[in-house]
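Take a look at the structure set out below.
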Amino acid sequence: MIEIENVRKSFGQLEVLKGINLTVPKGEVLTVIGGSGSGKSTLLTCINGLETIDSGRIVVDGTDVHAKGTDLNKLRRKLGIVFQQFNAFPHLTVLENVTLAPRKVLGLSKAEADAIAVKQLTHVGLGDKLKVYPSRLSGGQQQRMAIARALAMSPDYMLFDEVTSALDPQLVGEVLDTLRLLASEGMTMICVTHEMKFAREVSDRVAFFHKGVMAEIAPPDELFGAPKDPDLRQFLAATH
Amino acid sequence: MFNYTFHWNQALRALPQMLDGALVTLQIALLSMAIGLACAIALTLFRLSGNRILGGFATAWVEIARNTPALFQIYMAHFGLGNFGIHLSPYTALLVGIAFNNAGYLAENFRGALKAIPDTQTRAARSLGMTSLQAFRYIVLPQMLRIAFLPATNQMVWAILMTSLGVTVGMNTDLAGVTQELNARSFRTFEFFALAAVIYYVIAKAVTLAARLFAARMFRY
Ligand SMILES: Nc1ncnc2c1ncn2[C@@H]1O[C@H](COP(=O)(O)OP(=O)(O)OP(=O)(O)O)[C@@H](O)[C@H]1O
Ligand SMILES: [Mg+2]
């Protein structure tokens, strides 16, 4: 379970998160929508401790992420994150991209890591690209590799930050299919996305962020069907 | 008027001796590069550490190495340290002096190379649970070495040429040292130095070529 309690975060003068409260139970698929600069990415990077917070608490399975003694490297093993830019490691083959962390962080043998990587890469449809360097992959393939790379650590939670936004339209579908597959397998996911159709169909709940505040959170039918927040109504009108 | 008679035979007879010297030259250049590379990586880590003392030390090293004559750096290693009771042989002093110079230039190359690697690479590595050192070792360092490889090759050539400064601290086994001694005995200055120049040239070109081939094999991405 991910518990976010009254989290505030500023960059200099700019308050980006203005007291966020949110609990994501195991097995939930939560999508986060909202305008540019509303704090969605910042929230994700606060959850896995890439960013600090100013006040409040984020607790993952009982571990306070930003407490002093917390071993973030250990915590991050259970929190996979995939970014908008694919962040492939260009000097490693697809297989090596995926096996590196299992070997160096989890201490698995090459054979063990290879087995896991092949399984995950096959899962995302890249079983035939193991020996290829990322520069030879399309954006959609690179992004699916990044997903496999995160999954190879056997995380309990997956955080996705607009993973389709940098893709050509015709490549969006294959990546969304991968996310759908994960959701159907019961993975706990927080997906920041601009794909409203996807959010509607895959989510248990949808959260709308506006200017650092979580203005509304509801199951998709309710949030899209009968939005209460005026900013959400405006946002939805603009995106349709 | 021009009435100098060339005596190439004498120079060619000394060729084996000079080639032995060339091996010493190459050895010093290679060792100084290996040491310089290790030091440059350490200096780069110091500069990234955010620690004021380590960072200051690294910056001072880079500044001195790049903005003072290599000759002085080698002199300091031999005579300067001698004043403090540290007596290095000409060979060691030359090695230390050039390694110091190499480290400074390489560290500066690395700084430039690091700028070309986006922060998101480190973020992605850290997100996978790697420590900052692991992220550097497995993600940043290999990319940095690739970007810095060609400038480093230039530094290697420069290191080969710098070894000739060893004669000023009494080095007499490297190519320049051997040539200098032959010259002192025979006064066939032009012939000996022309031949030595050809040998330096060939070594420098061979190293550049070898580096290209190595790069083509190593960096396939
Ligand atoms: N490292 C940073 N330093 C300073 N300001 C930052 C930093 N990261 C984000 N911001 C600012 O914080 C605000 C929120 O950024 P964030 O990336 O969380 O928004 P977002 O909701 O993900 O937007 P988008 O849909 O454009 O990705 C923005 O105004 C952004 O410029
Ligand atoms: Mg964002």
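The residues in segment B:1-33 that are open to solvent by less than 60 Å² (accessible area, probe 1.4 Å), assigned to a helix (DSSP H, G or I) and not hydroxyl-bearing (Ser, Thr, Tyr) can be counted, and the count is 10. Tell me which residues, restricted to segment A:100-119, are in a helix (DSSP H, G or I) and away from chain B (no Cβ under 11 Å). Residues satisfying the conditions are A:LYS110, A:ALA111, A:GLU112, A:ALA113, A:ASP114, A:ALA115, A:ILE116, A:ALA117, A:VAL118, A:LYS119. Considering every residue within segment A:127-147, establish whether at least one is closer than 22 Å to B:LEU133 by Cβ and either open to solvent by less than 10 Å² (accessible area, probe 1.4 Å) or in contact with a Ser or Thr (Cβ under 9 Å, 6 or more places away or on another chain) (or both). No: zero hits.
Matching residues to (1) surrounded by 22 or more Cβ atoms within 10 Å (Cβ to Cβ); (2) free of Cβ contacts under 8 Å to residues at least 60 places away in the same chain; (3) closer than 24 Å to A:VAL172 by Cα; (4) within 11 Å of ligand 1 (Cβ to nearest atom):
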site: A:GLU3; (1), (2), (3), (4): no, yes, no, no
site: A:VAL7; (1), (2), (3), (4): yes, yes, no, no
site: A:VAL32; (1), (2), (3), (4): yes, no, yes, yes
site: A:ALA67; (1), (2), (3), (4): no, yes, no, no
site: A:LYS78; (1), (2), (3), (4): no, no, no, no
site: A:PHE86; (1), (2), (3), (4): yes, no, yes, no
site: A:VAL94; (1), (2), (3), (4): yes, yes, yes, no
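With (1) more than 14 Å from chain B (Cβ to nearest Cβ); (2) touching a residue at least 60 places away in the same chain (Cβ under 8 Å) as the list, and A:ILE147 as the residue in question, which single condition is left unmet? Looking at each condition in turn, A:ILE147 falls short on (1).
Among the strands (runs of 3 or more DSSP E) confined to segment A:1-90, the ones with at least 2 residues that are within 16 Å of ligand 2 (Cβ to nearest atom) are located at A:2-11, A:14-24, A:29-34, A:79-82.
The rows are residues; the columns are (1) assigned to a helix (DSSP H, G or I); (2) without any contact (Cβ under 8 Å) to a residue 12 or more places away in the chain; (3) open to solvent by less than 40 Å² (accessible area, probe 1.4 Å).
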site	(1), (2), (3)
B:LEU95	yes, no, yes
B:ASN102	yes, no, yes
B:TYR105	yes, no, no
B:THR122	yes, no, no
B:MET130	no, yes, yes
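Restricting attention to segment B:90-131, the residues that are more than 9 Å from chain A (Cβ to nearest Cβ), of a type in the set (Gly, Ala, Ser) and out of contact with any Phe, Trp or Tyr (no Cβ under 8 Å at 6 or more places or on another chain) total 5.
The values are calculated or read from the model by the stated rules, or taken from the named source; none is laboratory data. These numbers were taken from a predicted model, which means no experiment stands behind them. In this analysis, Cβ positions are derived from the backbone assuming ideal geometry, glycine residues included, and neighbour counts consider all displayed protein chains. Surface accessibility is based on the protein's heavy atoms, side chains included, excluding ligands, DNA and RNA. Shrake-Rupley method; radii C 1.70, N 1.55, O 1.52, S 1.80 Å.
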